[in-house]
Amino acid sequence: MSRESDQLIIRKTEARDGPRAWQLVKDTGVLDLNSAYAYIVLCDYFSDTCAIAEEAGKAVGFVSAFRDPRDPSVLFIWQVAVDAARRGEGIAYRMIRHVLRRASCRGVRTIELTIAPTNRASQGLFRKLARALGCDVQVGRGYEAAMFPGDAHEDEDFYRIGPLP
């Protein structure tokens, strides 16, 4: 557990955090919403690499991530959600740094993720993280919009941050 301020607590997730993570992602209105079950599983089975930020018992932030099973030196950050009223306070950055400091992330040398080209906030967040870590950022072709069924979806650019110190 980490106290980043007098009120904000950042900690590993538990299965019971899944519904709150689902709600945070839903409320962003821009992130892809997965099933509530998926968030329960993420919060339970991937708790070593996921984080929840709480204030006065209310969830105000969520990060989902996992070590790439093909290459455990890679941490893939899947989603970062922050309550609309709390955006711009650095909560997302602090949650990611909290995850990276955990024993479960020893040996991580690279962070990978995808970001839609119009998501300037996430682009800024991860460029800030790379600067703080003294790392390069490589941006390349990720998942094309045509791969996503149903409603229109933007392309997702692939970001690679590393090597981590």
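Each reported figure results from applying straightforward, stated rules to the coordinates on display, with no laboratory input. As the structure is a prediction and not an experimental result, all values here were calculated from the model. Don't worry about glycine lacking a Cβ; one is built from the backbone with ideal geometry, like all the others, and counts go over all protein chains shown.
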Task: Anisotropy class of segment 1-75 from Cα gyration tensor, a/c 1.5 cut - done: oblate
Task: Ellipticity estimate at 222 nm from DSSP helix runs (n ≥ 4, -39,500 (n - 2.57)) divided over the chain, nearest 500 - done: -8500 deg cm²/dmol
Open item on the list: Taking the Cα centroid of segment 115-132 and of segment 61-106, what is the distance between the two, rounded to the nearest whole Å?
Closed with: 13 Å
Task: Local electrostatic count at Ala146 - Lys and Arg +1, Asp and Glu -1, tallied over other residues with Cβ under 12 Å - done: -4
Task: Per DSSP, loop trypsin sites (Lys or Arg not before Pro) in segment 15-124 with at most 11 further Cβ within 10 Å - done: Arg70, Arg106
Open item on the list: Using Cβ contacts closer than 10 Å as the measure, can you line up Thr110, Thr49, Thr118 from fewest to most?
Closed with: Thr118, Thr110, Thr49
Task: Normalised convex hull volume, the chain, alpha-carbon set, Å³ per residue - done: 117 Å³
